[in-house]
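Participant: My structure is below; once you've seen it, I'll send some questions.
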Amino acid sequence: MKMQHSDFIIVGSGLAGITLAHTLHQQGFSFKIISEPQMSRCSMVAAGVYNPVVFYRITKSYLADLVLPYAEQFYKSVETVLNKKLLSPLPLARVMASRNEQELWQKRREEGVGEYLGALLTEPMPSINLSISDGLGIVKNTGALDCASYIEASLDYFKTSYIQEKFDYQSIVFHETNIAYKNYQARQIIFCEGHQISENPFFKNVILKPVKGEILTLKFTEPLPDEVSNYILNKKCYLLPIGNNIYKVGATYNWRELNEWPTPDGLLELEKNIRDITSIPFTILEHRAGVRPAASDRRPILGIHQQKKQLAVFNGLGTKGVMLAPYFANALTGLLCHSTPIHKEVDVARFG
Ligand SMILES: Cc1cc2nc3c(=O)[nH]c(=O)nc-3n(C[C@H](O)[C@H](O)[C@H](O)COP(=O)(O)OP(=O)(O)OC[C@H]3O[C@@H](n4cnc5c(N)ncnc54)[C@H](O)[C@@H]3O)c2cc1C
């Protein structure tokens, strides 16, 4: 069979692989995408929420000022290319867990996080079960990416470069300055396998701390009040309105059972969280699970293999794939194509 040449081979078609593909494409580089999407459904089940605030201490999420505007700009440009609406900006309303959180919120508004923190609403909301006396904090610059549509439409757009198969690590043939995989030849292979990186014999040193998440899509029997439907509501879980009384509700966190099967326990936990918000009945349309590829230091993982320079990696997007992927796909492209250094904090070299 005739050898097909491209600049890169990308393994994986989740948020990492697809975002990297668009970035390389925008900059004029060619690639093949080799992916067996059933191996990890993480990006396909994600709610796609982006939010620059970490609620634990009400701090900015990692490099939020850089990665968030970059991501918004990036997804808008992809919307134009794919001719598809993917991004839905929507304010997020955080139900304060306590009086302490309310005080911290007010304090942080005057500090560095202030640009993202809106007013604290303390009006009673009798129409829902929220104990709102502690307040509702509005976060600005939030919204959601329709991750499944982003990936499906992108794979269709790149269909002549897409090979649907499980990558066989034993089939790589290393040459001096490039690499061959079956009848494909490229300068480098970039591995974007999410939590399945554990199967990659070349990056055994990369140890993730993956976390399983479960998520529901459900339909309420009647419209929820505006206080809920006009926001991404956050109280123990996200309630993301997607229209027609349908919401995505997620997600759970489980570090022990690292598989993609939805469980009765996950269902119970999410149902309980919904009941804490509203008593309006609902029907569950979908219950899904995925495994987030999180690093223990909660930083993305990118860079070139220490010994085999023809291999690179893009992983560790954790719980914030939507926000992090575009900025770091660009950083990796800079490294691979222009030798632009990347920050030590995200460099795969930190794993030794
Ligand atoms: C329930 C849930 C809700 C979430 N909600 C959000 C959210 O609201 N906002 C947010 O930003 N993030 C969210 N996340 C996290 C987000 O989904 C991840 O950050 C992101 O999907 C990681 O993308 P990835 O491409 O690195 O990995 P993956 O999505 O796992 O993609 C890996 C790809 O590689 C393929 N693959 C792996 N090994 C091979 C192989 N050997 N051969 C061929 N193909 C292979 C897989 O099939 C897959 O296509 C959520 C995650 C879960 C589970």
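Participant: Hey, among Pro241, Pro262, which residue is within 20 Å of the chain's Cα centre (by Cα) and farther than 21 Å from Ala294 by Cβ?
Facilitator: Of the residues listed, the single one that is within 20 Å of the chain's Cα centre (by Cα) and farther than 21 Å from Ala294 by Cβ is Pro241.
Participant: If you go through the stretch 318-330 one residue at a time, do you hit one that is in a strand (DSSP E or B), closer than 20 Å to Phe74 by Cα, within 14 Å of the ligand (Cβ to nearest atom) and of a type in the set (S, T, N, Q)?
Facilitator: No, the stretch 318-330 contains no residue that is in a strand (DSSP E or B), closer than 20 Å to Phe74 by Cα, within 14 Å of the ligand (Cβ to nearest atom) and of a type in the set (S, T, N, Q).
Participant: Here is a follow-up. What about Leu335, is it of a type outside the set (Lys, Arg) and either touching a Ser or Thr at 6+ places or on another chain (Cβ under 6 Å) or surrounded by 21 or more Cβ atoms within 10 Å (Cβ to Cβ) (or both)?
Facilitator: So Leu335 does not fit the description; no.
Participant: A further question follows. Condition first: farther than 30 Å from Asp7 by Cα, more than 19 Å from the chain's Cα centre (by Cα) and surrounded by fewer than 17 Cβ atoms within 10 Å (Cβ to Cβ). Can you find one or more residues in the stretch 308-330 that meet it?
Facilitator: no
Participant: Scanning the stretch 274-293 for residues that are crowded, with 18+ Cβ neighbours inside 10 Å and out of contact with any Ser or Thr (no Cβ under 9 Å at 6 or more places or on another chain), which turns out farthest from Gly135 (Cα to Cα)?
Facilitator: Ile274
Participant: Oh, and also: From the set of residues in the stretch 34-81 that are more than 9 Å from the ligand (Cβ to nearest atom) and of a type in the set (Ser, Thr, Tyr), which is surrounded by the most Cβ atoms within 10 Å (Cβ to Cβ)?
Facilitator: Among residues in the stretch 34-81 that are more than 9 Å from the ligand (Cβ to nearest atom) and of a type in the set (Ser, Thr, Tyr), the one surrounded by the most Cβ atoms within 10 Å (Cβ to Cβ) is Tyr75.
Participant: Does the stretch 263-300 hold any residues that are assigned to a strand (DSSP E or B) and not aliphatic (A, V, I, L, M), and which are they? So that I can check it myself, show each step before the final result.
Facilitator: Here is the first cut: in the stretch 263-300, the ones assigned to a strand (DSSP E or B) are 282-292, 295.
Selection gives Phe282, Thr283, Glu286, His287, Arg288, Gly290, Arg292.
Participant: Additional query: Any residue in the stretch 290-304 that is touching a residue at least 60 places away in the same chain (Cβ under 8 Å) and closer than 16 Å to Gln38 by Cα sitting within a Cβ distance under 6 Å of a residue that is within 9 Å of the ligand (Cβ to nearest atom) and of a type in the set (D, E, K, R)? List the pairs, counting only those 6 or more apart or interchain.
Facilitator: Correct list of pairs: Gly290/Arg41; Gly290/Glu260; Val291/Lys212.
Participant: Looking at the structure I just gave you, is Ile274 over 30 Å from Asn205 (Cβ atoms), outside the structural domain of Glu193 (by TED's automatic domain parsing) and in contact with a Phe, Trp or Tyr (Cβ under 6 Å, 6 or more places away or on another chain)?
Facilitator: no
Participant: Taking the criterion of being at positive phi, among the small types (Gly, Ala, Ser) and surrounded by 19 or more Cβ atoms within 10 Å (Cβ to Cβ), would at least one residue in the stretch 213-230 satisfy it? It would help to see each step written out before you state the result.
Facilitator: Applying the first criterion (at positive phi) to the stretch 213-230 yields none.
Within the stretch 213-230, not a single residue is at positive phi, among the small types (Gly, Ala, Ser) and surrounded by 19 or more Cβ atoms within 10 Å (Cβ to Cβ).
Participant: Okay, moving on. Suppose we filter Tyr50, Tyr70 for residues that are hydroxyl-bearing (Ser, Thr, Tyr) and touching a Phe, Trp or Tyr at 6+ places or on another chain (Cβ under 7 Å); which single one remains?
Facilitator: Testing whether each residue is hydroxyl-bearing (Ser, Thr, Tyr) and touching a Phe, Trp or Tyr at 6+ places or on another chain (Cβ under 7 Å) leaves just Tyr70.
Participant: Search the stretch 153-176 for residues that are within 17 Å of Lys84 (Cβ to Cβ) and pair each with any residue that is among the small types (Gly, Ala, Ser) when their beta-carbon atoms are under 7 Å apart and the residues are at least 6 apart or on different chains.
Facilitator: Ser154/Ala21; Leu155/Ser13; Phe158/Ala21
Participant: I need the full set of residues from the stretch 286-299 which are more than 7 Å from the ligand (Cβ to nearest atom) and within 11 Å of the chain's Cα centre (by Cα), in order please.
Facilitator: Within the stretch 286-299, just Ala294 meets the criteria.
Participant: Is it true that some residue in the stretch 125-137 is away from the ligand (no atom under 12 Å from the Cβ), modelled with pLDDT of 95 or more and not in a loop (DSSP other than H, G, I, E, B)?
Facilitator: So the first thing to find is which residues in the stretch 125-137 are away from the ligand (no atom under 12 Å from the Cβ), and the list is 125-137.
Filter once more, keeping what is modelled with pLDDT of 95 or more: none.
No, the stretch 125-137 contains no residue that is away from the ligand (no atom under 12 Å from the Cβ), modelled with pLDDT of 95 or more and not in a loop (DSSP other than H, G, I, E, B).
Participant: Would a scan of the stretch 170-177 turn up a residue that is under 23 Å from Met44 (Cα atoms), at pLDDT below 95 and either in the same structural domain as Ile301 (by TED's automatic domain parsing) or surrounded by 13 or more Cβ atoms within 10 Å (Cβ to Cβ) (or both)? Write out each step before concluding.
Facilitator: Within the stretch 170-177, the first condition is being under 23 Å from Met44 (Cα atoms), and the residues that meet it are none.
The answer is no; no qualifying residue exists.
The values are calculated or read from the model by the stated rules, or taken from the named source; none is laboratory data. From a predicted model like this one, the values you see are computed outputs, not experimental measurements. Reconstructed Cβ throughout: ideal geometry from the backbone, glycine too, with neighbour counts over all protein chains shown.
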